[in-house]
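Taking it in order: structure first as structure tokens, then the write-up.
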Protein chains: 2
Amino acid sequence: MATATEKIYSIGDFAKAVGLTAPTLRYYENEGLIEPHRHANGRRYYEESDVNWVKFLLHLKGTGMSISELKQYVVWRAEGDATIPQRLELLKQVKADFLVQFNEVQHHLQILNDKINWYEEKETGITTDNENFASYLQRFGHHE
Amino acid sequence: MATATEKIYSIGDFAKAVGLTAPTLRYYENEGLIEPHRHANGRRYYEESDVNWVKFLLHLKGTGMSISELKQYVVWRAEGDATIPQRLELLKQVKADFLVQFNEVQHHLQILNDKINWYEEKETGITTDNENFASYLQRFGHHE
DNA sequence: TGTTGACTTAAAGTGCACTTGAAGTTATAT
DNA sequence: ATATAACTTCAAGTGCACTTTAAGTCAACA
């Protein structure tokens, strides 16, 4: 007894707490990612622990997991510790894919930076008059 | 004279050279990103310089630029040096947005790594029997 | 000479992750 | 008491970046 004062959230308040919209939360619920409680009148309510759960899901989502991958993860989680190997394998694959993307994106940034520098030097008249971007990159030893 | 042996590409060969499909190249052309030459019979052909141009566009795209932002960039580029300030401002904004995302995504990776480690320790029985993920993270001083 | 494969256009279709709309119920504030 | 704001469901719509289809033309090879 006396598990009294647990803070609860309406869908609107919960949406603010996790940085989503109410429709998005209903969509996630539909996709099987969340299962809020219901008041007697049918309205949803969320607890503090749901905040952490959704924030964790959003972190996973932010590493590149799709809604359906998240759903698979959630299903496995509901099945208990027996599915830990599957969950671990999924997360490791997500991580591997993430790292590939991460490296690619850093290369993209490198090129973007080079181009910005090239424009800035061109504006301030530092580069050779008609030097193009390709030859500019070569001066720095970059490729592509 | 004698700008002779310039290698040219059919759309299919060009697609392979830049890692896209022929339909995607036609789509990009429609969106105003590329403007290949045409043989007398109407068929497209691409030159070596187009390879570099498309690869550069793909780098910009990889930093988060949408097709319409790329188009804006291309339009300004076609207008000549007078639009360098606009192009520079666009690229700087793209970079700023990119860096925000980049930091967020690194935090997501941190959480993913923590979770993977947590599962691995749980599998090998290193963590306290029923320790949950939240308290596990606290042991490391992370939040969320 | 024929047939296979690559090309052409324009339009419609796909997949993802939401977002919006319609029609109705309930809770809160004046 | 009544207005308005927040909730409910279910279905349809949106935006992006392609992808696929249909119907046809053209080039290269056996």
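The values are calculated or read from the model by the stated rules, or taken from the named source; none is laboratory data. Predicted, not measured: the structure shown is a model, and the values here were computed from it. Counting neighbours? That spans all protein chains shown, and the Cβs are built from the backbone with ideal geometry, glycine included. Keep in mind that these areas ignore ligands, DNA and RNA; they rest on the heavy atoms of the full protein, side chains included. Shrake-Rupley method; radii C 1.70, N 1.55, O 1.52, S 1.80 Å.
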**So residue A:63, is it hydroxyl-bearing (Ser, Thr, Tyr), within 14 Å of the chain's Cα centre (by Cα) and under 20 Å from residue B:144 (Cβ atoms)** = yes
**Asked** Is at least one residue of the range B:8-22 touching a helix residue (DSSP H, G or I) at 6+ places or on another chain (Cβ under 8 Å), open to solvent by 70 Å² or more (accessible area, probe 1.4 Å), more than 30 Å from residue B:101 (Cα to Cα) and modelled with pLDDT of 95 or more?
**Response** no
**Complete:** Just one listed residue, out of B:111, B:34, is more than 16 Å from DNA strand C (Cβ to nearest atom) and buried (at least 16 other Cβ atoms within 10 Å of the Cβ), and it is B:111
**Prompt:** What number of residues within the range A:38-86 satisfy the criterion of being within 14 Å of another protein chain (Cβ to nearest Cβ), in contact (Cβ under 8 Å) with a residue 12 or more places away in the chain and open to solvent by less than 20 Å² (accessible area, probe 1.4 Å)?
**Reply:** 8
